[in-house]
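The values are calculated or read from the model by the stated rules, or taken from the named source; none is laboratory data. The model shown is predicted, which means the values in this text are computed figures rather than measured ones. FYI the Cβ positions are ideal-geometry reconstructions off the backbone, even for glycines, and counts take in every protein chain you see. Accessible surface is based on the protein model in full, side chains and every heavy atom, while ligands, DNA and RNA are left aside. Shrake-Rupley method; radii C 1.70, N 1.55, O 1.52, S 1.80 Å.
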Number of protein chains: 2
Amino acid sequence: MKKYNIFANIPAEIKEELFEDIISKESVKIERIISKGHTTTEFEWYDQKRNEWVIVLKGEAILEFENAKDKRLKEGDYLNIPAHTRHRVSWTKPDEETVWLAIHY
Amino acid sequence: MKKYNIFANIPAEIKEELFEDIISKESVKIERIISKGHTTTEFEWYDQKRNEWVIVLKGEAILEFENAKDKRLKEGDYLNIPAHTRHRVSWTKPDEETVWLAIHY
């Protein structure tokens, strides 16, 4: 068993949004996402087979939904996004990293 | 979809360690745990059927293992505890809340 830190090993330069699997099983995926001003490509939506529970651990972001109001997420804010709920990241803090933890289940 | 904050709604007084299900499915359980100086009952071990991925989001704690070295967890530290790995919480910060997020899968 090795201990890691969710805020460690963040590259100094993040050209594209960074997706890293922490745990990846058929039943569940635990993922760290790092954004720095990144957003989902324009006019693109995430439409996922699994539910996603997501929390912002550092930074700030706005999630946009096709059929619901935008959600602004600050440190510690979390949301459960049911499968096939079309959403996208419309904004993330440009001057510091936003660290997300996502549980796909 | 409702937004919540993992650091909100912490009771002023925490007599016993607080366990709250955020998501509870057969395949996965997402749980918030709040400790304030609490530890697992002496001589007791957690021996769980499922794997547990655990992160300390605030505060500090020590996990003790039957067959491995103690792990001191600070903010952002995480660990994957395989099923049936006997462990206990031997210490948590006494003067402030320790907020854990545990994913059982």
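Tabulated results
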| read-out | value |
| --- | --- |
| Full-extension gain in nm, A:Ile23 to A:Ile62, via 0.36 nm per residue minus C-alpha separation | 11.5 nm |
| For region A:18-104, average projected area of the Cα convex hull in nm² | 5.2 |
| Estimated distance in nm for a label pair at A:Lys69 and B:Lys15, the labels positioned 7 Å out from Cα along Cα-to-Cβ | 3.8 |
| Cross-link partners of A:Lys36 among lysines (Cα-Cα below 20 Å; sequence separation of 8 or more within a chain) | A:Lys15, A:Lys58, A:Lys71, A:Lys74, A:Lys93 |
| With every protein chain in place, chain A: carbon and sulfur % of accessible area (1.4 Å) | 45 |
| Partner aspartates and glutamates for B:Lys25 [C-alpha distance under 16 Å; skip if fewer than 8 residues away on the same chain] | A:Glu26, A:Glu52, B:Glu52 |
| Debye log10 I(q)/I(0) for the protein assembly as shown, one point scatterer per Cα, at q = 0.08, 0.12, 0.14, 0.17 Å⁻¹ | -0.28, -0.64, -0.87, -1.24 |
| Segments A:7-19, B:79-91 sorted - mean Cβ within 10 Å per residue, highest first | B:79-91, A:7-19 |
| Average Cα contact separation per residue, region B:18-104, under 8 Å, 6 or more apart, as relative contact order % | 41 |
| DSSP-assigned coil residues among chymotrypsin sites (Phe, Trp or Tyr not before Pro) in region B:29-84, each with at most 14 further Cβ atoms within 10 Å | B:Phe43, B:Trp45 |
